[in-house]
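The values are calculated or read from the model by the stated rules, or taken from the named source; none is laboratory data. These numbers come from a predicted model, not from an experiment. Methodologically, a virtual Cβ is constructed for each residue, glycine included, from the backbone with ideal geometry; neighbour enumeration extends over all protein chains shown.
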Amino acid sequence: MPDTTSLQSLDRLIADVGGAGDSGKQSKSPHGLLVEHLRTARTSFLGSMPGEYRSSLQEAKTSAACIADRSTQNDVRKRLQILIGD
């Protein structure tokens with residue numbers, strides 16, 4: 001059974017960066033690549049693929065550079081690091 005706290009945190013993060021909505025479609029968010037990495041991490045998490053999950057979170061952390069506001073960028077990176085550390 002997946003850890004619901006981590007899943008909820010990941011879902012909130014996806015929504016916060018503009019990825020809420022149909023996960024089957026490419027994101028129209030200005031943070032599209034970041035959202036795609038987060039969605040891939042979510043799929044890996046649910047599929048019990050911890051290596052892929054952490055890899056996708058690391059890629060998302062790198063992609064967070066697309067966030068112009070430094071404060072928001074740092075917040076997203078910190079939240080990702082917490083998820084990576086779980």
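Summary of computed values
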| item | result |
| --- | --- |
| Residue within the stretch 25-32 that is part of a helix (DSSP H, G or I) and modelled with pLDDT under 90 present | yes |
| Residue that is surrounded by the fewest Cβ atoms within 10 Å (Cβ to Cβ) [pool: residues in the stretch 61-86 that are touching a helix residue (DSSP H, G or I) at 6+ places or on another chain (Cβ under 8 Å) and over 14 Å from Ser9 (Cα atoms)] | Ala65 |
